[in-house]
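Here's the structure we're looking at; comments come further down.
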Amino acid sequence: SLCAGEAPSLSYRELKDLKKTKVFHVDVRERWEIDKFGKIPASVNIPLGELVEALQMDPTEFKEKYNQKMPAKSDPVVFSCLAGKRSRQALSFAMSLGFS
């Protein structure tokens, strides 16, 4: 299930369309879930328990740890998980840190 600020819930097709633009896609599932169920192409895995710390990292440290450029607070970001609960929490965390 997917969450984005303006559209709290997105369909797979909406996400596919969004990914044609410049959107930062964060999969907040645990690493074992990625291993078991697979990675979503062009997403970065940041387990929910690491998210608050990750979004406050120095951009160089973020790039080293996640192999992606850190999103700016104004960049479009989409969170996904298995059922939607963790992605909603992730959205709430990101907004509390100043992400729009």
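Restricted to segment 61-100, and to residues that are out of contact with any Phe, Trp or Tyr (no Cβ under 9 Å at 6 or more places or on another chain) and polar (S, T, N, Q), which residue is least open to solvent (accessible area, probe 1.4 Å)? Top of the filtered list is Ser80. Selection of segment 64-100 for residues being more than 11 Å from the chain's Cα centre (by Cα), within 24 Å of Gly38 (Cβ to Cβ) and charged (D, E, K, R) yields Lys65, Lys69, Lys85. You will find that of Val28, Val23, Val52, the residue that is open to solvent by less than 100 Å² (accessible area, probe 1.4 Å) and out of contact with any helix residue (DSSP H, G or I) (no Cβ under 6 Å at 6 or more places or on another chain) is Val23 and no other. For segment 55-68, residues that are modelled with pLDDT under 95 and among the charged types (D, E, K, R) total 0.
When segment 35-52 is filtered for residues that are closer than 18 Å to Tyr12 by Cα and touching a Ser or Thr at 6+ places or on another chain (Cβ under 9 Å), the ones remaining, listed by number, are Ile40, Ser43.
Could you grab the pairs with beta carbons closer than 6 Å, sequence gap of 6+ or different chains, first residue in segment 70-94 and among the aromatic types (Phe, Trp, Tyr), second one not in a helix (DSSP H, G or I)? Matching pairs, first to second residue: Phe79/Cys3; Phe79/Val26; Phe79/Val28. Take Leu15 and decide whether it is touching a helix residue (DSSP H, G or I) at 6+ places or on another chain (Cβ under 6 Å), open to solvent by less than 30 Å² (accessible area, probe 1.4 Å) and among the hydrophobic types (A, V, I, L, M, F, W, C). Criteria not met by Leu15. As a summary of the residue check, Asn45 satisfies the conditions (1) open to solvent by 70 Å² or more (accessible area, probe 1.4 Å); (2) of a type outside the set (A, V, I, L, M); (3) in contact with a strand residue (DSSP E or B) (Cβ under 7 Å, 6 or more places away or on another chain) except for the one numbered (1).
The values are calculated or read from the model by the stated rules, or taken from the named source; none is laboratory data. A quick note: this is a predicted structure, and the numbers were derived from the prediction, not measured. Because the Cβ atoms are built from the backbone with ideal geometry, glycine has one as well, and the counts that use them run over all protein chains shown. Only protein heavy atoms, including side chains, enter the accessible area calculation; ligands, DNA and RNA are left aside. Shrake-Rupley method; radii C 1.70, N 1.55, O 1.52, S 1.80 Å.
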